[in-house]
Amino acid sequence: ERQLTVWGRGEAAAPPTDLVRAFAGRAARTPDAVAVVSGDREVSYAELDAQSSRWAHWLRDQGVVRGTPVALLLDRSIDLVVAELAVVKAGGFYVPLHDAYPADRLAWIVRDVAAPVLLTDRTTLPEGLAEAVGTVLPVTTAADRAAAYPASPPQPEAMAAGQLAYVMYTSGTTGRPKGVMVSHGSVVDLVLDARFGDGAHDSVLMHSSHAFDASTYELWTPLLHGGRVVIAPGGHLGPQELRTAVARHGITAVFLTTALFNAIALEEPQAFDGLREILFGGEKVSVEAVDRAVAACPDVRVSHVYGPTEATTYATAWPVPVDREAGAGVPIGVPMSGMRAYVLDASLQLLPAGATGELYLSGSGLAHGYHGRAGLTAERFVADPFGEPGARMYRTGDLVRWTSEGAVDYVGRADDQVKIRGFRIEPAEIETVLAGHERVTQAVVIVREDRPGDKQLVAYVVGDTSDLREYAAAHLPAYMVPSAFLALDALPLTVNGKLDKRALPAP
C-alpha cells in the first residue's frame with residue numbers, strides 16, 4: 001500500500017491541455033517578457049507568438065493539417081523554436097532529425113514516419129533526403145512567405161491533449177530506429193511539474209540536439225513558465241562555456257548528461273556557481289562528482305533525473321539533500337507529477353524495499369508507443385495491473401530497488417541496452433549493421449569500462465575489419481560507431497555454447 005500510494009505515486013498532474021493553448025495563455029500574460037535569446041538577439045513572447053502563428057498559417061497552405069508529420073533538420077536557433085511552435089499550431093507533429101545521422105538513416109526515418117514536408121536551414125541536403133520527403137521548405141522561405149499571413153494562430157482542428165506533439169527516433173534492436181510518439185499532454189505534464197515552477201528554471205540553457213529528448217525540457221519548460229530559452233552556440237559545452245553563459249545570460253538551470261556532469265564536476269565544479277539548479281541524468285553517476293559539485297556550490301540545487309524517451313524525458317527526480325553525507329548513494333528519485341513507478345519481479349509482483357527488480361513506469365507522461373510498430377509497442381507498453389482499467393505501464397529494462405526512505409535506486413540493465421554520454425544505444429542495432437558488411441561473418445558489440453568512468457563501445461568481428469570503421473560511420477550516427485574494432489578467428493564461447501563476454505580481449 002505504501003509503494004502504490006506514497007512512494008510510487010507522483011503529485012497530481014496538471015489539468016489536461018495542449019501545447020498551443022498552454023503557450024497562448026503564457027504569451028497573453030507576459031507578452032513583453034523575453035522568450036528566446038540567441039547571442040545578442042532577443043525575441044519577446046508576443047513576437048514569438050506572432051511569428052510562429054504566421055509560419056503555422058503558411059504550413060497549413062503547404063498541406064500541414066491535424067496529424068501531419070513535419071521533419072525538422074535544423075541547427076539550434078530561434079528558427080528552430082519558431083518551427084516547433086508553428087508545427088504544433090498548424091496541427092501537425094514535428095520529427096527532429098539529428099545532423100550527425102548518416103544520410104541513409106535520415107531518409108529511412110522520413111520514409112518510416114511518412115513525413116511529406118521537411119523544414120530545414122541547409123542549402124545542401126544529405127543524399128536521398130529530398131526524394132524521401134517530397135516537399136522541402138527552407139526556413140528562409142518560411143520567414144519571407146509567412147510575413148503576409150495573420151499574426152493570430154490558425155483555427156485549431158479539434159486540438160486535444162492526446163494529439164501527437166512529436167515523434168523522436170531512438171536506437172532499436174532490429175537494426176532500425178524506433179519512433180517514440182509523444183503527445184501534447186505528456187509534454188505539458190512534464191514541464192508544469194511543481195518542481196519547475198519555483199523560479200529556478202526562469203532561464204534555461206538549450207544546448208542539447210533537438211533530436212535528443214532533453215530538448216523537450218530545455219524548450220518547453222521555460223516557455224510555459226514565462227521564462228527564457230537561451231540558445232547555446234554550436235560546439236562543446238565545457239566549464240568555460242558554461243561560465244560564460246551564466247555570466248552573459250543569467251542562466252539559472254541547465255540539464256547535463258551524466259557523463260558531462262561528471263566531467264565538469266570533477267574538473268572544475270566552480271563552473272556551476274551562479275546557477276540555481278543542475279539537472280543530470282542518463283547513466284549511473286559518479287558519487288565523487290556529486291560530492292564535489294555540492295561542496296563547491298552549496299547554494300546550487302543538484303538533482304538527479306531519470307526517464308526514457310518513452311516517458312517524456314523525466315519520470316523521476318531526486319534533489320540531492322543539502323545535509324547528505326559525502327560518499328552516500330545517489331538514487332534516481334521519486335515519481336514526478338502524474339507518474340507512477342513500480343519495482344516488480346518477473347511475475348509483475350511488487351517487491352519489498354531493498355529487493356532488486358525491473359522498473360515499470362505508468363501515468364500521464366507515457367508515450368503512445370512506437371510509430372508503425374504495433375508488436376513492439378505491445379511488448380514494451382503492457383497492461384498496468386495497479387492502475388485504472390485500460391491503463392498501461394512501460395517496461396524500462398532497468399533494474400532498480402526501493403531505498404528504505406522511499407526513493408528508487410538504479411542498479412543496472414535487465415537487457416543489453418546501454419547509455420553512453422547520454423545516448424541510449426542498442427548494441428544489437430550496431431551488430432546488425434556490422435554483420436551486413438560483405439566480409440563480416442559475425443559481430444558482437446559490448447561496452448567496456450577498462451578505465452573507471454570511461455565507457456567505450458568495442459566491436460569484436462569474425463572477418464575483415466580493414467574498412468569497417470568507415471562502413472559503420474556511413475550507416476550509423478557518430479555516437480554509435482565503436483571506438484575499437486577487433487578481428488577474431490572465432491568468438492569465445494562458454495561450455496554451454498553461449499558467448500563468453502569475459503573472454504573477449506581488451507582493445
Mind checking the stretch 93-199 for trypsin sites (Lys or Arg not before Pro) that DSSP puts in a loop (not H, G, I, E or B) and that have at most 11 other Cβ atoms within 10 Å? none
GluC sites (Glu not before Pro) within the stretch 399-440: DSSP coil, no more than 12 neighbouring Cβ in 10 Å: Glu405, Glu438
Please sort 479-486, 60-67 by packing, taking for each peptide the average over its residues of neighbouring beta carbons within 10 angstrom, highest first. 479-486, 60-67
So what's Rg/Rh here for the stretch 286-445, counting alpha carbon atoms and using the Kirkwood radius for Rh? 1.03
Where does each of 274-284, 295-305 land if you order them by average Cβ count within 10 Å, highest first? 274-284, 295-305
Which number do you get for Rg(Cα) / (2.2 N^0.38 Å) in the stretch 416-507? 1.04
Let me check against my output: what whole-number percent is the relative contact order of the stretch 1-107, with C-alpha pairs under 8 Å and at least 6 apart? 22 percent
Convert each backbone phi in the stretch 142-155 into a coupling constant with the Karplus relation 6.51 cos²θ - 1.76 cosθ + 1.60 (shift: θ = phi - 60°), then list the ³J(HN,Hα) values in order as whole Hz, x for Gly and Pro. 4, 4, 6, 6, 5, 4, 7, 9, x, 8, 9, x, x, 4
Order of 17-28, 343-354 by packing, highest average Cβ count within 10 Å first? 17-28, 343-354
Output ³J(HN,Hα) for the stretch 60-65: one whole-Hz value per residue in order, computed from phi by the Karplus curve 6.51 cos²θ - 1.76 cosθ + 1.60 with θ = phi - 60°, and x for Gly and Pro. 4, 6, 8, x, 7, 10
For Ala315, list long-range residues whose amide hydrogen, built 1.01 Å from N in the peptide plane, is under 5 Å from its own amide hydrogen. Tyr306, Gly307
Which distance in Å, rounded to a whole number, links the C-alpha centroids of the stretch 8-60 and the stretch 333-355? 35 Å
Quick one: how many lysine pairs in the chain have C-alpha atoms under 30 angstrom apart, if they're 8 or more apart or on different chains? 15
Lys, Arg +1 and Asp, Glu -1 on Cβ, resulting dipole of the stretch 11-130 about Cα centre, debye, nearest 20: 380 debye
Tensor-based shape of the stretch 183-223 (alpha-carbon gyration tensor, a/c under 1.5 rounded, otherwise prolate or oblate): oblate
For the stretch 278-354, just the Cα set please: Rg and Dmax, both in angstrom. 14.1, 45
Which far-off residues, 5 or more places away or on another chain, put their amide H under 5 Å from the one on Tyr169, with H placed in the peptide plane? Val180
Given a 1.4 Å probe, how much area per residue of the chain is accessible, in Å²? 40 Å²
Gyration tensor verdict on the stretch 204-329 (Cα atoms; rounded if a/c is under 1.5, prolate if a/b is larger than b/c, oblate otherwise): oblate
Average Cα contact separation per residue, the stretch 58-166, under 8 Å, 6 or more apart, as relative contact order %: 32 percent
With the dipole of the stretch 446-507 defined by +1 on each Lys or Arg Cβ and -1 on each Asp or Glu Cβ, the option from Tyr460, Val481, Leu504 whose Cα lies farthest towards the positive pole is Leu504
Over every pair of different alpha-carbon atoms in the stretch 1-100, take the mean of 1/r and invert it; report that Kirkwood radius in Å. 15.5 Å
A correct Stokes-Einstein calculation for the chain, using the alpha-carbon Kirkwood radius, 25 °C and 0.890 mPa s, returns a whole-number D in µm² s⁻¹ of 103 µm²/s
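The values are calculated or read from the model by the stated rules, or taken from the named source; none is laboratory data. Because the structure is predicted, anything quoted here is derived from the model rather than measured. Here the Cβ is made from the backbone with ideal geometry for all residues, glycine too, and neighbour counts use every protein chain on show. To get the accessible areas, we keep the full protein, side chains included, count just its heavy atoms, and leave off ligands, DNA and RNA. Shrake-Rupley method; radii C 1.70, N 1.55, O 1.52, S 1.80 Å.
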